[in-house]
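Read-outs: derived from the displayed coordinates by stated rules, not from any lab. None of the values given here were measured: they were computed from a predicted structure. No Cβ is skipped: glycine too gets one built from the backbone with ideal geometry, and neighbour counts run over all protein chains shown.
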Ligand SMILES: Cc1cc2nc3c(=O)[nH]c(=O)nc-3n(C[C@H](O)[C@H](O)[C@H](O)COP(=O)(O)OP(=O)(O)OC[C@H]3O[C@@H](n4cnc5c(N)ncnc54)[C@H](O)[C@@H]3O)c2cc1C
Ligand SMILES: Nc1ncnc2c1ncn2[C@@H]1O[C@H](COP(=O)(O)O)[C@@H](O)[C@H]1O
């Protein structure tokens, strides 16, 4: 399928040009022309006042749809601990499998049989488990080789994985090998009721727009999802399922893990797993200013994060940075203190359930995404809030 | 040491805004830049060349205008530049992009291929590892430091959520790099002169021997269904009154919504 302009109808009004997210329309001899940047997203079809832009079907559009059955979740582990995102994916995968009337399977490399059973209690009907010690620590080549092989053998229609450093590193290899699509960082997953295709929604252009992506013909349809974006399913201690033990075969790799260095500070810094985050920006004013945020975070049992401005000032280390060039978080509660709400910051936190903004400038854009906004001086508000919360919790 | 750096020309997303009335992107006057992560890839290539010798070639797949980003790379000091450009590449998703680039890189030859962690327009971080798979070579993603480069091996640090992994890989290898790796240099005067005169090698679909069915929109397994503006938060609420009053309301709400 491609998009075409009917030159006879085109009035040269240029309305379509600004509608194109990919800058793929140019004016040529007074008429609009579609260039090679076109992604066939159809944004321009409805904006043309003359109805001069149309879709053209091609022979190759009638590609045969790949076969597949079942929804799979890759259950990621590090140091023998299954990542939280895996349980969230089982929640999302369960819902998709039920919509399709099919089974949900998990794939686990490393860990124990007890861990595999836990995946069943979180919603899986089956777990493909390989506990070869060679697979315990993450390594792109063996992991992608084994997962590709399993997929080729069992042909699931959907494969989901965490958009973590691990998932985002080795899943692309699997997709490349299987000649199928992979959609990164999805924020919502659904089944198209008519075609039964997976509709994958993800932010693009630094979160300025959302795009719905399809993988209409190739199978499996593969997607990664960031931690904390999906909700966990229901845990049932009595759920039964099947554990299929697998042999890794001969494992070869041209990369070797020499050592793993953990960098953990006193506060839990794994922001992506945090339930509650208190974040500070330039308004916090100094390294010392962050002290009141640490106190609020302690009262809430949460972590402290920061905007890039605060990190650049040297008030807090980079690993606390949230945003386009930092971490993406989506806690239950995000309290932004002295953060203006630049789009690069917002893309890292706007999927949080509840956002509280404290800023003395009522015009600050952070208030556009805030569930609760308080206009005021953070040095007055934050300590009072800490006190109230401690009272409410009976501390 | 033959080093190839993959760079992408992208719109400066910091400048892109949505028109709330028409739900479309406002791109007027949005400048094109080299993807910021790819600046670090260029710098990494140059630093490896300075230590180990060899040459650095910058490659981009894109429209004819992308030549500007290659000239910028030359001004920073890369030795050669190739523009992979053909109408047949139109509408490529990450799979087709990686396939096309891998064909071009195979033609150029490389011991070390360096990509940015991700492109800021697509944010997929997939093209690098996919290129490695197509070339049948190992890759290391999120490289934050290069510890050692030898004739047939490299030792790098890979950034993880909880710290970093130290990894040794054989060559050839593909690396994707994060910002912490280095500070990209500014173009020198000599570099700027060279950039003006530099010859940019042009590669088409037939030059790289690519299969037509794997290119562009047709070769792309994924399709964009539609594009829309992100939803605004529905439940926005400004808490008025004195500081104490608004804090009272807030704490009640947080208790009601089970945050405490
Ligand atoms: C390519 C690129 C990538 C970027 N990536 C990121 C990223 O990952 N993360 C990120 O955060 N930024 C990022 N930025 C930077 C971003 O554009 C902003 O510059 C940054 O987020 C601003 O941080 P800030 O809100 O803390 O500071 P400012 O914009 O300076 O805002 C400070 C706010 O504090 C308020 N304030 C001041 N004093 C008080 C007080 N006493 N009480 C209450 N409020 C007070 C002010 O009203 C103001 O709104 C990126 C930029 C670019 C170009
Ligand atoms: N069209 C392209 N031309 C050259 N390199 C690219 C292109 N697209 C992506 N890359 C490389 O792949 C990296 C990751 O891109 P992406 O997967 O789109 O986020 C970028 O930082 C570039 O190094």
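Label the protein assembly as shown by shape, choosing from rounded, prolate and oblate, from the square roots a ≥ b ≥ c of the eigenvalues of the Cα gyration tensor; if a/c is under 1.5 it is rounded, and otherwise prolate applies when a/b is larger than b/c, oblate when it is not. Note, shape of the protein assembly as shown comes out rounded. By how many degrees, 0 to 90 and rounded to 10, does the Cα axis of helix B:67-76 deviate from the longest principal axis of chain B? Around 80 degrees separate the two axes. Residue exposure proxy: B:56, B:10, A:201, B:255, ordered by other Cβ atoms within 10 angstrom of their Cβ from fewest to most, comes out as B:255, A:201, B:10, B:56. Among A:158, A:53, A:120, the residue with the largest mean-square fluctuation in a Gaussian network model of chain A, with springs joining Cα atoms closer than 10 Å, is A:53.
Rank the residues B:40, A:345, A:154 as a footprinting-exposure proxy: fewest other Cβ atoms within 10 Å of their Cβ go first.
A:154, B:40, A:345
Shape class of the range A:275-362 from the Cα gyration tensor (axes a ≥ b ≥ c, square roots of the eigenvalues): rounded, since a/c falls below 1.5. Pick from B:105, B:167, B:48 the residue whose mean-square fluctuation is largest in a GNM of chain B, springs joining Cα atoms under 10 Å. So, out of B:105, B:167, B:48, the one fluctuating most is B:167.
Of all DSSP beta bridges confined to the range A:68-174, the antiparallel ones make up roughly 15%. With the Cα gyration tensor of the range A:134-272 giving a ≥ b ≥ c as the square roots of its eigenvalues, does the rule (a/c under 1.5 for rounded; else a/b larger than b/c for prolate; else oblate) give rounded, prolate or oblate? Cα axes put the range A:134-272 in the rounded bin. Averaging Cα coordinates gives a centre for the range B:36-65 and one for the range A:68-139; these two points are 39 Å apart.
Test of understanding: ordering A:160, B:260, A:90 by Cβ neighbours within 10 Å, fewest first, what list do you get?
Details: A:160 32, B:260 17, A:90 27.
Neighbour counts put them in this order, fewest first: B:260, A:90, A:160.
For the protein assembly as shown, the share of DSSP beta bridges that are antiparallel, to the nearest 5, is 40%.
Taking springs between alpha-carbon atoms closer than 10 angstrom, which of A:133, A:49, A:365 fluctuates most in the Gaussian network model of chain A? Judging by the Gaussian network model, the answer is A:49. Working from label points 7 Å from Cα in the Cα-to-Cβ sense, the residue B:256 to residue B:68 distance is 5.2 nm. Label point of residue A:99 set 7 angstrom out along Cα-Cβ; within the range A:143-168, amide nitrogens under 17 Å from it belong to A:157-161. In this rough spin-label picture, where each label sits 7 Å from Cα along the Cβ direction, the residue A:312-residue B:79 distance is 3.6 nm.
With the simple spin-label model, which puts each label point 7 Å out from Cα in the Cβ direction, the residue A:65 to residue B:170 separation comes to 4.3 nm.
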